[in-house]
1. What FRET efficiency comes out for R73 versus S94 if R0 is 30 angstrom and r is the Cβ-Cβ distance? Round to the nearest 0.05.
2. Taking θ = phi - 60°, what integer Hz values does the Karplus form 6.51 cos²θ - 1.76 cosθ + 1.60 yield along region 177-186, in sequence order, with x for Gly and Pro?
3. Can you sort T128, T193, T49 from fewest to most other Cβ atoms within 10 Å of each residue's own Cβ?
4. Would you order F114, F9 from fewest to most other beta-carbon atoms within 10 Å of each residue's own beta-carbon?
5. Would you mind giving the average projected area, over all directions, of the Cα convex hull of region 8-51 in nm² with one decimal?
6. Fewest first, what order do S51, S23, S182 take by the number of other Cβ atoms within 10 Å?
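Here, each number is a calculation from the coordinates, and none is a lab measurement. Just so we're clear, the structure is a prediction, and the values are computed from it rather than from any experiment. Cβ sites come from the backbone with ideal geometry, for glycine too, and all protein chains shown count toward neighbours.
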Amino acid sequence: MQSLVGKRFGSLTIESFAEKRRSIAYYECLCDCGSKLTASIYDLKRGHTQSCGCLQRARTAIAHLKHGQRHTRLWYCWQDMKARCFNPKNKRYSEYGGRGITVCAEWKDDFQAFFDWAIWNGYSDSLTLDRREVNGNYEPLNCRWATGMEQGENRQNTKLITIDGETHHQEEWARIKGLSSSLIIHRIKRGMTPEEAITTPLMRRYK
């Protein structure tokens, strides 16, 4: 019999055979959300089991939130994102649109697309929209919902640093030097100057 390990059914990936119950095979599965469960091959193949339950919870959340979307926190988040990128009169335009940062076509004129992405990617009223790459655009692969502390650390990457007459953002320096941004931030917190944190070789020990 061909192994089913690694085969996907909906949001589930089979990890291993579990047992047989009344001649029906059951498998240990990993959901895309990170949860695990045991499911029968019967339910998997017929689509009766497509996730650990997170798909249904997300669908329920979307069904509830789709009523009265306008003027919700998520609606204003979408509007503010676009204003920062496209409205020269916005007080933060110079930090975003003025630097060439834009909103992807998928989100720019379609709140529903932004709404669906937000719900599927862990939106809650306690989190704020953050770009992983601080010089990148607002688009699904570059955005996340982050805590204030995570955003604060990410904003440190926007600082311009000049070394030997060459100026880059901290994150750009990290790529040039083959370091991680988190290491540079850690070094600065430990007392190094930004220049020392960037130019110190990776293998060098520091206090």
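1. 0.75
2. Per-residue couplings from phi come out as 8, x, 10, 8, 4, 5, 5, 4, 4, 4 Hz.
3. Details: T128 14, T193 11, T49 21.
With the fewest neighbours first, T128, T193, T49 line up as T193, T128, T49.
4. Numbers: F114 24, F9 21.
Exposure proxy ranking, most exposed first: F9, F114.
5. On the way: hull surface 10.4 nm².
Convex hull of Cα atoms, orientation-averaged projection: 2.6 nm².
6. Numbers: S51 20, S23 5, S182 11.
By the 10 Å Cβ count, ascending, the order reads S23, S182, S51.
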